[in-house]
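Report on the structure given below.
The values are calculated or read from the model by the stated rules, or taken from the named source; none is laboratory data. These numbers come from a predicted model, not from an experiment. Positions of Cβ are generated from backbone atoms using ideal geometry, with glycine treated the same way; all protein chains shown enter the neighbour counts.
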Amino acid sequence: MINDASWSTQRVNFGSSTVYHSLMRHLLAVLLLAAGSHAGAQLDRLSFRLNYAFIEDDPTLTPLKGDYRVEYIGRGQYWTVTDPRWTVHHPGQPRKLTPCIKVNGAPLMVVEMPRVLGYPDNKLIVIRGSDTMIVDLNLDGRMETLMLERTAKMGVPPRPPVLLPFRKGWFTNVDLVLEPNTMALTERSDLLWSAEGEELRGLYHTKHHSFTLETDGLRTGPVSIVIDRDPNYAHHQLEFPASGPGTRFELYLQDSTGVTRESMSLRVDMPADGETSKWVDVSELPYGRYTAYLRWGDQESLFYLTFGW
């Protein structure tokens, strides 16, 4: 069980025995490589990782007032057609509100969102009293372009939040962002964001992650654990769970073909009492999939640990 939201990417393989399809696959690979090479210079490791903050719907920059909550809903499958305006009839996953810069003495509350890759239909729902606002989080390229322009002026990490004016109804994030008043308020917010300097970056100093190897007894095969490291943070601490006396964890990075390397990437010797967990700084550990072992004496337990941005 991981205490941070994690997303997995499914790989779909298309096969064909004909020469035509083989040629088409090679042509597509060349086109994607060319496009990726061009886009690589434009994107950074935070790409399509956006934070959101809700403000009052008026001409002045005012953090959203009163008691409100924010929920996330992801639904649908990429191989089906999902109407984004399909009625939302169930509660979403509560999202934590984190205070950042202050505007006229009131903190701007940020909802941190990793890259939204798990579902074709993604929404933030904001509920204040009897009013509900639904925001579709589409992957419109203009959102990333605007964010790159903002961060080029201020530096990264962390990325500043995307401001969304709160109003009752159903909206799309990019439509709200491109409203003239929202753009003007965003410029003012960015000036305040830049002025905070080191104090602001201190809020995003360390991210803590935890995992457990407990199973429900029905699993067949090794446990696979995915940890989505947050690029807004400078350092990442991973808590290795207490696993009995004389235990140690060993991690071996896999290459791009899934073959485990012989050299050990990380060894964590656990406290002798067997009842204490251990925090380890994994900031410099390369992202990717690791073959991991929990070992004690001549016994071992195999699992997989994946770090991703």
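Can you run down the residue pairs with Cβ atoms below 9 Å, 6 or more apart or on separate chains, where the first is in the stretch 133-156 and within 19 Å of ALA195 (Cα to Cα) and the partner is assigned to a strand (DSSP E or B) and aliphatic (A, V, I, L, M)? Note: pairs meeting the criteria are MET147/VAL162. LEU178 falls short of the stated requirement of being over 22 Å from ASP281 (Cα atoms) and either among the charged types (D, E, K, R) or buried (at least 18 other Cβ atoms within 10 Å of the Cβ) (or both).
Whether a residue is within 26 Å of LEU203 (Cα to Cα) and at pLDDT 95 or above was assessed, and ASP281 passes this test.
Candidates in the stretch 217-271 are the residues that are within 24 Å of GLU112 (Cα to Cα) and polar (S, T, N, Q); of these, the one that is farthest from the chain's Cα centre (by Cα) is GLN237. A single member of SER194, SER243 is outside the structural domain of TRP296 (by TED's automatic domain parsing) and of a type in the set (Gly, Ala, Ser), and it is SER194. Does THR186 satisfy the condition of being in contact with an Asp or Glu (Cβ under 6 Å, 6 or more places away or on another chain) and among the hydroxyl-bearing types (Ser, Thr, Tyr)? Criteria not met by THR186.
The rows are residues; the columns are (1) modelled with pLDDT of 75 or more; (2) part of a loop (DSSP other than H, G, I, E, B); (3) within 17 Å of LYS168 (Cα to Cα).
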| position | (1), (2), (3) |
| --- | --- |
| THR60 | yes, yes, no |
| LYS65 | yes, yes, yes |
| VAL70 | yes, no, yes |
| GLN77 | no, yes, no |
| HIS89 | no, yes, yes |
| PRO94 | yes, no, no |
| PRO99 | yes, no, no |
| MET109 | yes, no, no |
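Residue-level check: of (1) in contact with a strand residue (DSSP E or B) (Cβ under 8 Å, 6 or more places away or on another chain); (2) surrounded by fewer than 16 Cβ atoms within 10 Å (Cβ to Cβ); (3) aliphatic (A, V, I, L, M), ILE227 misses just (2).
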